Structures are given as structure tokens and as C-alpha cells.
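*Asks:* What follows is a structure written as C-alpha cells; I'll ask about it next.
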Amino acid sequence: MVTQYGIKYAVNLITAHFGDLVAKVCECLLRKGPLTLQAIVRSTELTSSQVKNSLLVLIQHNCVQAFILDQTGEHGDGAKQSTQYIALFDNIIQRWRFPKFLTMVSKKLDKQCVELLEGLLQHGRLTLKQMFDRAKSGQNGGDDVVQEAFVKLLNAHFIERCPASEPVLTNPTKEEEAARKRAAKSGKAGITSIDEPFQLQSTIAAIHILLTILEVQETLEQRVVEAAMPTEALRFLFAAETEPTADGGKDKSNSSSVTPGEKRKHDALESEAECGATDEQVVLWRANFDEFIRHLRHKACIENVRARFDDGAVIVFGAMLEATRSAEKKVKTENSVPLSLSSIYEEVIKSEEGRNITFDRVRASLVQLSCPPFVKAANESYSVDFKKIIELAQNEEVESIVLKRYGRDAYRMFRLLSNSGHLLETDKVADATFVEKKETPIILYKLWKDDYLQLEKLQIGVKQIPFQLWKVNKNTLKVHVLDEMFHAAFNLSQRVAFELEQEKELSNVLQDKRVNRLRKRLLLESSQMKLDDAIMLFHDF
């Protein structure tokens, strides 16, 4: 979900990596949505050449996707096609996580794989020949070594074929049209309620409009990404006979790399080639961000389980994730595929620590994991409830923010309202949380003023003072908290950049001062990493 400070944070990343000119084009697309080349030129007041070059850079680094919009004319008019460009916000903010991706590969694979992935992250997209040439220039091994590392990354789904350059999209779907109508209605009508101060009315209306507009943009972005993505049979296919070798020719000696079990994928490749969908001479590869985020999501779920259960339950839970990872078709999967008890035990004993666990202990761990329902049981099968785990983690993160910022009384009130899920009167909140009734409205008002609570007023009689009713609207709160996190991330990145400039200027001063500056910067960067973990929890997971 893209928020206002999310856009500022993304533009700041692009500015740091590619400069102001490219960042200006990127910001235009992030704020205005899909645009044609001419529309970008008009909006940015840059020359056509500058916009083209900026778009090429952004496309090369997977931050923008071009697509052809095929619009059927009204009243039987002919179809109109136009090439448009859409910014991929999710891919842009992944650039901050490159060190995490490299660390993950270094733990799971080897040094050669890390160096190969580093090249892809640095250059965005590369052919196999370019990977060979880069490895030779760095004296990182011969063609066989590079190809072996490449295959390891591909088998782990850490890299993938690049998407189509310009997929064709037809007219908007019914869902997009419905979302657009909701956005238009929200923009015209807003949200009103009795005796609400203008500030609250404006804030809630703005968030509601933002949600509906984002729904439209995300639906279109998802359609573009899905249309550009290669078929599943091609996405992770490496047919050596179609790849150029380091000397520029085709390697015919490796045709045996397509095993009988992969014949279907090979046939799919030939079918695509016959249709002109692929170019044997130019097969571009890139890092598969989805797989890295999936691993980080699983890691976060395991840590959440570790905080609540014993080591045995953690091992069983981790085994379930490992066994079902390949079946996940998207990152934000709500439930894993079901597994039988025997299948889970078979996966558990594959690890060294799991061989000490008995069959009955696995069964007992699954019972543990069912409360809270991290694992759901049905018909002698068990599946991981990702949605529940992520929701609990998000609730705990917000409660932690409230506790640190507003104190323990506010934390108890917020937790009560969050768990209740409905409107509660001020006196009932005071009674349930054992807070003095004089202090309760003051604390609740602070939380409402900072958009952590929703306030509604109910007036029964004409002369009676209206009742104040409070609740937590988790949908709008999630957007607000995420925007606050992007705001903090933006400020931290600005501060880190400032500290780096100061270090350069202090290169000739005393050693003690330079060490203090370095410690401060490392502390800020550590805070950035922790904050990014929280952003992933609300945005990516």
C-alpha cells in the first residue's frame, strides 16, 4: 500500500541511487499513476530525451513496467492502443533490502552465488553472457563455476526470467470500475457525522479516499505485473542450449540439462519461441524479490512462534513452512497447503535437531500451535494460518507503539478497544481498564487526535450531553501506522546521508571524533534495519 510518506521514501531511495533527474520521473509516476511518454514530459517539464533515458534506467532496474493499454472505443469505434508506464513501488523499496537478500543467500548457498546475485542487484537485469563476463573480469571462476552458481540460484527461485517488455492490457475489469466509482463518490461526498470536529472529519475522509484510490492503483499494478510475468513453465526454466556462452555462441553440448521430467517445460519454451515471445539470443535474468520476501515472511512467522512456544513447536512449525514453501503462488498467502501428520514428521526428521523429536511430540506440538490458531486442523490435515500470525504480530507492533508513546494506561485502553472490535462508551473503558474516570477522556482524546482511535458521538435527547463512543478501525489504523513508519524511515535515511557527509568533512580531524561519528551512523543504520522489518510486517507480509 502506497502512502504519502511512502512515496517520499521511495523517491529518496531513487534519488540516492540514480540522481535527481530519474527521481523526478519516478515521483511523477508514483503520484499520478500510469502515464504515456508525452504525459510524463508535460508533467515533469523535462525533454523527451531526458524522460526516455530516465525510463530506461528505471525499467533496467525493475522500478517501472511499460505496458500497452488496449482500449476498445465506445459506440463501436476501433480499438486504441497506447504505451504507458507504471511505477512499481514494491520493487523500489526492495532496493533498501539488498543487503538482507545477500546475507540470506550467503547462509543458504555459497560465495559464488552471492557474487552472482550481487551483480544482478547492482545492474538490475543481465544476460547469462554478461554474468560470465562479469565473473571473468573479477576472476571469480570459469564458465562452469558461474553456471553452477546460476543453477543453484535458479533452483532456489532466487532469480527468474525478466517479464515481458510491453504486455497488452484490455479495458479495465469490473472490479477496477467499481473501485473507481467508489473513489469518485468518496471524493465528492466525503464522510460526515453529527458534532464531529472538522479536523476529524477531514482526516477520516482523506484516509477513506486514499484507501479507495490505492485500491484502484494496486488493482491495475497487479494486472500489469501478472500480464508481464512469464508463464510458470518458463519463469524458472534454464535450457542450456538456448543460452549464449561466454564466447557469444550457443552451447549445444548442454542440451542434456533438460531432463525427461522437465519435458513439459521444454515444450513450453519451444511453443513460446515459435510465437515469437522469447528471443533466444537475449534472455534477461533478474533477482526474484518475491522469493526473498517469502523467506523473510517465514522467518518473521517463526520468530513470532518462538516467542510463544518451546523449541519443539518451533521446529515443527519451521518444517511445515519448508514443506509447503514451493506450493505458495503469492507472497501474501493466507493459508499454506494442508499436510498430513506423517508428511510433517517426515519433514521434521530431515533436520539434525528434528531427529530428536518423536512422532507423538510432533502431534503434541501441533496441538500447542492450534491455540492461538497458528496451525489449523481439518480432516487429519494441518495448515499454517499465515493471516492470523501476521495480524497478531501487527497488533502487537501497534500496541508497542502506543505503550512507548502514551504510557501504560493508554496501552490498556487501546488494547481493550482493539480486542473488542466495536464501539465502547468512555465510562465502560474506564471501568474495564481501572483508570480514573477524569483521566480516561483525556487519554482517549490524545489517541484520537493522533488517529489511533475513531470517535463517534451519540445524542439521545435534545438537551442531553452526547455520549462519546470509541473504537479501533484497524483498516485505517494500518494505513496510518504504515505512513508513520515510512515517515520515520525517510527521516532516518536523510539523517544517515547527513552523517556520511559529515564523516567526509571530518576526515582530517582527530580519530576520537571520527569514531564517535561512525558509531552514531552505525546506530542509525541499525535503527533503519529494525524499522524496515516493521514496514515489511505491515506492507509486504
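The values are calculated or read from the model by the stated rules, or taken from the named source; none is laboratory data. Bear in mind that the values here come from a model prediction, so they are computed numbers and not experimental data. Because the Cβ atoms are built from the backbone with ideal geometry, glycine has one as well, and the counts that use them run over all protein chains shown. SASA here: full protein model, heavy atoms, side chains in, ligands and nucleic acids out. Shrake-Rupley method; radii C 1.70, N 1.55, O 1.52, S 1.80 Å.
*Asks:* Within the set LYS404/LYS504; LYS404/LYS471; LYS24/LYS152, which residue pairs have Cα atoms separated by over 26 Å?
*Replies:* LYS404/LYS504; LYS24/LYS152
*Asks:* Further question on the same structure: Under 13 Å from the Cβ of ALA39, count the other residues' Cβ atoms, weight Lys and Arg +1, Asp and Glu -1, and hand me the total.
*Replies:* Result for the neighbourhood of ALA39: +2.
*Asks:* Which loop GluC sites (Glu not before Pro) in the range 320-378, with loop taken from DSSP, have no more than 10 other Cβ atoms within 10 angstrom of their Cβ?
*Replies:* On the way: sites: GLU322, GLU328, GLU334, GLU346, GLU347, GLU352, GLU353; in loops: GLU328, GLU334, GLU352.
Counting only loop positions with at most 10 other Cβ atoms within 10 Å, the GluC sites (Glu not before Pro) in the range 320-378 are GLU352.
*Asks:* Further question: Once fully extended, how much extra length lies between GLU166 and ALA497, figured as 0.36 nm per residue of separation less the alpha-carbon to alpha-carbon distance?
*Replies:* 115.6 nm
*Asks:* A further question on this structure: Using the alpha-carbon centroid of each, what span in Å lies between the range 1-51 and the range 82-127?
*Replies:* Spelled out, the Cα-based centre of one part sits 21 Å from the other.
*Asks:* Taking N as the number of residues in the range 289-385, what is its Cα Rg relative to 2.2 N^0.38 Å?
*Replies:* 1.00
*Asks:* May I pose another question? Which order do the peptides 394-401, 498-505, 406-413 come out in when sorted by mean C-beta neighbours inside 10 angstrom, highest first?
*Replies:* 406-413, 394-401, 498-505
*Asks:* Something else now. So how do PHE150, PHE359 rank on accessible area, 1.4 Å probe, biggest first, that is with the largest at the start? Could the numbers behind the result be given before it?
*Replies:* On the way: PHE150 0, PHE359 70 Å².
Largest accessible area first, the residues go PHE359, PHE150.
*Asks:* Ok, one more. Once each part is reduced to its C-alpha centroid, what is the distance from the range 346-395 to the range 429-470 in angstrom?
*Replies:* So the two Cα centres are separated by 41 Å.
*Asks:* Also: Could you work out how much longer the chain between LYS329 and ASP133 gets when fully extended? Use 0.36 nm per residue separation minus the Cα distance between them, nm to one decimal.
*Replies:* 67.2 nm
*Asks:* Sticking with this structure for a sec: Using the Karplus equation 6.51 cos²θ - 1.76 cosθ + 1.60 (θ = phi - 60°), what ³J(HN,Hα) coupling, rounded to whole Hz, does each residue of the range 337-351 give in order, writing x for Gly and Pro?
*Replies:* Per-residue couplings from phi come out as 5, x, 10, 7, 4, 5, 5, 5, 5, 4, 6, 4, 7, 6, 8 Hz.
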